[in-house]
Ligand code: SF4
Ligand code: SF4
Ligand code: SF4
């Protein structure tokens, strides 16, 4: 295709229009972002993991049963401990994966050997009922890498969250739908 000469007036006009369009779009984008930053279109309910005291009501008070609240794992915070107190309860008769040794009442916390002495812990969301038992003991004796969150694909977005009404420490709050999770391994500014 033949190149358009630099001095061609039709080309200058074309470039001027393009730049005007780009500038207009940029201004509109900034204005839109500013508006979004000030007043998000939609808010959703979420657990603030720094306030939650694992009282057990996230399991029992949700209108959904099992609850829309599930345990999630901040792998970046985990020590990959061989003796994980989120996984083993304090009076475990032995340190193997038998059900009677586990903190989790539903077997939702899975343990996988990585290399001596490290183990990886993952949550089977289908089995988790959001009771917070593993979260509590991980926080008491470990790094606190397990925490509770309302899963966006499950939550019904009730006008008034039944758990928020029952929560003793006001740990359930509304967050913008564009940033629906309050992650423990990400700074508040991110
Ligand atoms: S009701 Fe509040 S304190 Fe209790 S587990 Fe849920 S978020 Fe945590
Ligand atoms: S102990 Fe409770 S919160 Fe933790 S994985 Fe099991 S069901 Fe979920
Ligand atoms: S908004 Fe409704 S469905 Fe979602 S966590 Fe709260 S009670 Fe459960």
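What follows draws every value from the coordinates through simple rules; no lab data is involved. From a predicted model like this one, the values you see are computed outputs, not experimental measurements. Quick reminder, even Gly has a Cβ in these numbers, built from the backbone with ideal geometry, and neighbours come from all protein chains shown.
Counting every Cα pair in the range 43-176, what percent are over 26 Å apart?
Cα-Cα pairs in the range 43-176 separated by more than 26 Å: 22 percent.
Give me the percent relative contact order of the range 43-176, please, defined on Cα pairs under 8 angstrom at least 6 residues apart.
So the answer I get is 43 percent.
Testing the spin-label approximation: label points 7 Å from Cα along Cα→Cβ at residue 97 and residue 118. State their distance in nm.
In this crude label model, residue 97 to residue 118 measures out at 1.9 nm.
Note the full-extension length gain between residue 63 and residue 177 as 0.36 nm times their separation in residues minus their Cα-Cα distance, in nm to one decimal.
Working: separation 114, 0.36 × 114 = 41.04 nm, distance 2.01 nm.
Full extension from residue 63 to residue 177 adds 39.0 nm.
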